[in-house]
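The values are calculated or read from the model by the stated rules, or taken from the named source; none is laboratory data. These figures come from a predicted structure and were not determined experimentally. Cβ atoms come from the backbone with ideal geometry, glycine included; neighbour counts cover every protein chain shown. The accessibility values were calculated without ligands, DNA or RNA, using every heavy atom of the protein model including side chains. Shrake-Rupley method; radii C 1.70, N 1.55, O 1.52, S 1.80 Å.
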Amino acid sequence: MAKSDVAKERFFNLPVMVLISLSFMLGMSEFIVVGILPDIAAGLKVSEVTVGNLVSLFAFVYAPVTPLGSALSARFPRFATHLTLVGVFLIGNVLCAFASNYGVLVVARILIALVSGTLVAIAMTYAPDVTTEQYRTKFIAWVFSGFSIASVVGVPVGTWVANTFGWRWAFHLVNVLTVVLIVLMVMVLPRNSRIVKIGFLPQFRLFFDRRIQLGVLAVVFGAAATYVFYTYLTPIMRDEVHVPEQYLSVGLVIFGAACLWSNLYGGKLADRGRGVEPLTHIRPIYCAHAVLMASLIVTHWVPVYGALLLVVLGMFMYLQNSASQVLYMDVASQSHPGSLNLAASLNSMSFNIGIALGSAVGGVVNGHFGLMWLGPVGALFLVCAIAITTMLRPFVAQERKFYADI
């Protein structure tokens, strides 16, 4: 057995760890604004809602650019493209660290958003080169879990750094870790490429597949539900749950641990079938999530319940991710094999459309009605996700026949 094959038999080999670490850095950079939102607002002398809008802006850029960048990246050598985009990501975070005003910070966040989704999509394409088929859903779950690990470790550490040394040092930390990651990428990632022969525009025929359309909508509504309140997680903990300022970092660690569990358990849920089937199994989870999200309003009167509820909501946050990624990749393999890079980007695209929608709606709700109403509004998005997954169910039988015949 070749040395590379032996390495692939071990799931946590060096290339896999580097790709998980890349997701960690992307997650830390994207989510760190949530943890240090009050610090940035005070430092740049703008309101917390204005800084919260950075979350929406990031997602508004990220979502449309991700499929375009992923389809384009399939036409160039993978490793060189991957490394170049990480370099752009580093430049954006350096700009964040030295932003002299809110306008510069906006430009920096846009630059990071332009490349982040494509970086996730490219990471997904390494799966057959760094691990085996039996670990496919585990690989997907762990790459997504890099974002949750960022919530558990990166964002709270960044928050502590911001509280201790100033918010700019949180971005300096991201920059140092990114440089280390670039060195590791050069050392361990495979250089082989599978440049697609299909044209750029024909790849987008994938979007005309009804299964893809419904899968995207389910993720959009699921993510929007969460980000209605998650964008304002720190103010909710501070003002509704009454967590003392010095313990906010601990609260973020606990919430992040719940999110990590969510991602990893989501990988197990994705093993329940092929194609659209795993995502249809998320429907009862959306139902329970909606009820719990609506009950977040009780936090205003019962802070202890709110503290426990936030942990539970973190455990629901990413349960859909691996199931939806399986849907996109399997449908592309069945019907649109030239669009695999594009399919790999769809979860990131969908989730960030949801982030943009949810955080924008959350900003309006918070600005006009207050933090206590974020949960009930989020529950309305989950009702939409329930309807979408119901519409996916008729496809399950025909896909089971397809996989039985091959």
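How much of the accessible area of the chain, in percent, comes from carbon and sulfur atoms when a 1.4 Å probe is used? Mind showing how you got there, number by number?
Working: 11100 of 15580 Å².
Within the chain, the accessible surface is 71 percent carbon and sulfur.
Only Lys, Arg, Asp and Glu carry charge here, each on its Cβ (+1 for the first two, -1 for the last two); on that basis the chain has a dipole of about 940 debye about its Cα centre.
A probe of 1.4 angstrom, applied to the heavy atoms of all protein chains, finds TRP261 with accessible area near 110 square angstrom. The aspartates and glutamates within cross-link reach of LYS268, meaning a Cα-to-Cα straight distance under 17 Å and a gap of 8 or more places when in the same chain, are GLU133, GLU277, ASP330.
Computed log10 I(q)/I(0) for segment 150-298 at 0.19, 0.20 Å⁻¹: -1.22, -1.24, from the Debye equation with unit scatterers placed on every C-alpha and solvent omitted. Rolling a 1.4 Å probe across all protein chains gives VAL304 an accessible area of roughly 110 Å². Ordered from longest to shortest, the equivalent ellipsoid semi-axes for segment 234-317 are 29, 15, 7 Å, each the square root of 5 times a Cα gyration tensor eigenvalue.
For segment 116-183, just run the numbers: alpha carbon Rg, then divide by 2.2 N^0.38 Å, N being how many residues it has.
Values: Rg = 15.0 Å, N = 68, 2.2 N^0.38 = 10.9 Å.
With N residues counted in segment 116-183, Rg over 2.2 N^0.38 Å equals 1.37.
With Cα atoms as the point set, segment 257-406 shows a radius of gyration and Dmax of 17.2, 57 Å.
Rounded to the nearest Hz, the phi-derived 3J(HN,Hα) couplings of segment 311-324 under the Karplus curve 6.51 cos²θ - 1.76 cosθ + 1.60 (θ = phi - 60°) are 5, 5, 5, x, 6, 8, 4, 10, 4, 7, 4, 5, 4, 6, where x marks glycine and proline.
Mean silhouette area of segment 81-142, derived from the convex hull of its C-alpha atoms and averaged over all directions, reads 4.8 nm². In loop segments of segment 288-369 as defined by DSSP, the chymotrypsin sites (Phe, Trp or Tyr not before Pro) with at most 14 further C-beta atoms inside 10 Å of their C-beta are TRP301, PHE369. Using the Kirkwood formula over every pair of different C-alpha atoms, what hydrodynamic radius in Å results for segment 1-121? Roughly 15.8 Å, rounded to one decimal. An ellipsoid equivalent to segment 12-61, defined through the eigenvalues of its Cα gyration tensor, has semi-axes of 30, 12, 6 Å when rounded to whole angstrom and sorted largest first.
The value of relative contact order for segment 212-320, using C-alpha pairs under 8 Å at least six residues apart, is 39 percent.
Of the residues TYR230, TRP167, LEU217, the one whose Cα sits farthest towards the positive end of the charge dipole of segment 95-250 is LEU217 (charges of +1 on Lys and Arg Cβ, -1 on Asp and Glu Cβ, taken about the Cα centre).
Taking each pair of distinct Cα atoms in segment 192-233 once, what is the resulting Kirkwood hydrodynamic radius in Å? Mind dumping the intermediate values first?
Details: mean 1/r = 0.0766 Å⁻¹.
Kirkwood radius, segment 192-233: 13.1 Å.
Can you give me the convex hull volume of the Cα atoms of the chain, divided per residue and expressed in Å³?
So the per-residue Cα hull volume is 125 Å³.
Adding -39500 (n - 2.57) for every DSSP H run of four residues or longer, then dividing by how many residues the chain holds, sets the calculated 222 nm ellipticity at -25000 deg cm²/dmol.
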